[in-house]
């Protein structure tokens, strides 16, 4: 008997790579892990993995994420999302560009402290998040809500 | 009008390049975050210096990245150099960007993202060291074409296989050829029937992987 499975589309497994295990990177990992998502965290110093909560059951790789071999080890070809949140804007940009251009990851998100660097990522369809811009917008919303 | 070159970061290389460029008539500006290094660079005549971080967009803007004929990124960090070049290309429309990187892998990838030329320092240095340690016959070796080709200076000894032979009789690998022959004080552009004599210095152009093969045919 032919099973119904023949014509059902294969659901792509969601898999996220987080680059940079500072406070933000660790928090993202914890949140994804709680939801049962498949995650790998990459940081060039394994001491940083201590930032992650005890319940984390994803993978951790100690490597330089601007090294293509490291991204291959993290199976970046199968990643659906790559999040670049190291403390260095330029490292984030390079890692994000490698994820897009070499590994063709669909969603690439990059934190940039310096708003002026955002232009470097725009034409590559990399989503950039600038903490200052986001917080400024949030402060504005709060003040508008208080006035209204 | 003089061509303008912007050097972002680096110290030893920046120093060497700026002297060379200024002597060749370029107007050069160097950006260096270290005050003492800037003081030392200031000893170079006609060099403009900015003591600030070369990775900050506003610094590059004020240094004239928009009007630069070339921006050369020379910091210690590959990532910083790549981003400096991309920024200068995409934001400031710099004419040409050149990036020094240590990791060989990323070389080809960033070529089409705003970095016009990538120089892998590790590659070039490794190629030179390899040749200098493995062959005593080469007295000088210069990689060109980003390490793909070498220009080598070879002294012909008395007992060399090629000594006394015509250049055309030597079966060099197909992409290798002797561009020039130095005999005593004279430069000779050799023809197929030029006889190679002991004491001659051959200037050999050869693909990077083929020097050993070429050497065997000559010696």
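Provide, for q = 0.07 Å⁻¹, the log10 of I(q)/I(0) from a solvent-free Debye sum over equal Cα point scatterers in chain B.
The computed values of log10 I(q)/I(0) come out as -0.31.
Can you tell me the orientation of helix A:23-34 relative to chain A, as the angle in degrees between its alpha-carbon axis and the longest Cα principal axis, to the nearest 10?
Rounded to the nearest ten degrees, it is 40.
Over chain A, with a Gaussian network built from C-alpha contacts below 10 Å, which listed residue (A:67, A:137, A:114) shows the highest mean-square fluctuation?
Comparing A:67, A:137, A:114 in the GNM, the peak value goes to A:137.
Largest first and in whole Å, what are the equivalent-ellipsoid semi-axes of the range B:31-109 based on the Cα gyration tensor, each being the root of 5 times an eigenvalue? The partial results should precede the final answer.
Details: eigenvalues 92, 50, 24 Å².
So the equivalent ellipsoid measures 21, 16, 11 Å along its semi-axes.
Sort B:100, A:135, B:205 so the one with the fewest other Cβ atoms within 10 Å of its own Cβ comes first.
Numbers: B:100 21, A:135 10, B:205 16.
Starting with the residue having the fewest Cβ neighbours, the order is A:135, B:205, B:100.
Could you tell me the calculated FRET efficiency between residue A:106 and residue B:166, based on Cβ-Cβ distance and R0 = 56 angstrom, to the nearest 0.05?
Using R0 = 56 Å, I get an efficiency of 0.35.
Can you give the helix-only mean residue ellipticity at 222 nm for chain A, where every DSSP H stretch with n ≥ 4 adds -39500 (n - 2.57) and the sum goes over all residues, rounded to the nearest 500 deg cm²/dmol?
About -10500 deg cm²/dmol.
As a footprinting exposure proxy, order B:130, A:48, B:43 by other Cβ within 10 Å, with the fewest listed first.
The order, fewest Cβ neighbours first, is B:43, B:130, A:48.
Give the span of the protein assembly as shown's Cα atoms along each principal axis, as three whole-Å numbers ordered largest to smallest.
93, 72, 38
Expressed as an acute angle from 0 to 90° and rounded to the nearest 10, what is the orientation of the C-alpha long axis of helix B:121-134 relative to the principal long axis of chain B?
It is inclined by approximately 30 degrees.
Taking every residue in B:79-89, how many Cβ atoms of other protein chains lie within 10 Å of its Cβ, on average?
5
Taking chain A as the reference, fit the longest principal axis to its C-alpha atoms, fit the long axis of helix A:131-147 to the helix C-alpha atoms, and give the angle between the two in degrees, 0 to 90, nearest 10.
Once rounded, the angle reads 60 degrees.
What share of the DSSP beta bridges in the protein assembly as shown is antiparallel, in percent to the nearest 5?
Bridges in the protein assembly as shown that DSSP calls antiparallel: roughly 35 percent.
Please pull out the direction-averaged projected area of the range A:1-146, using the convex hull of its alpha-carbon atoms, in nm² to one decimal place.
Averaging across all directions leaves 12.5 nm² for the Cα convex hull.
Would you mind computing the Rg to Rh ratio of the range A:27-90 from its alpha-carbon coordinates, Kirkwood style for Rh?
Value, to two decimals: 0.93.
Is there a simple number for the mean count of other chain Cβ atoms within 10 Å of the Cβ of residues in A:78-90, and what is it? Don't skip to the end; give the middle numbers.
Numbers: counts 0, 0, 0, 0, 0, 0, 0, 0, 1, 0, 5, 4, 12.
Average neighbour count from other chains, rounded to a whole number: 2.
So for A:56, B:58, fewest C-beta neighbours within 10 Å to most, what's the order? Numbers along the way, then the final one.
Numbers: A:56 17, B:58 10.
Taking fewest neighbouring Cβ atoms as first place, the list is B:58, A:56.
Please report the antiparallel percentage of DSSP beta bridges with both residues in chain B, rounded to the nearest 5.
The answer is about 55 percent antiparallel.
Averaged across the residues of B:50-59, what count of C-beta atoms belonging to other chains lies within 10 Å of each residue's C-beta? Could you put the intermediate results ahead of the total?
Values: counts 0, 0, 0, 0, 0, 5, 3, 6, 2, 0.
Per-residue shielding by partner chains comes out at 2.
The numbers here are math on the coordinates, done by the rules we state, and not lab data. Note that the coordinates shown come from a computational prediction; the quantities given were computed from them, not determined experimentally. Virtual Cβ from ideal backbone geometry, glycine too; neighbours counted across all protein chains shown.
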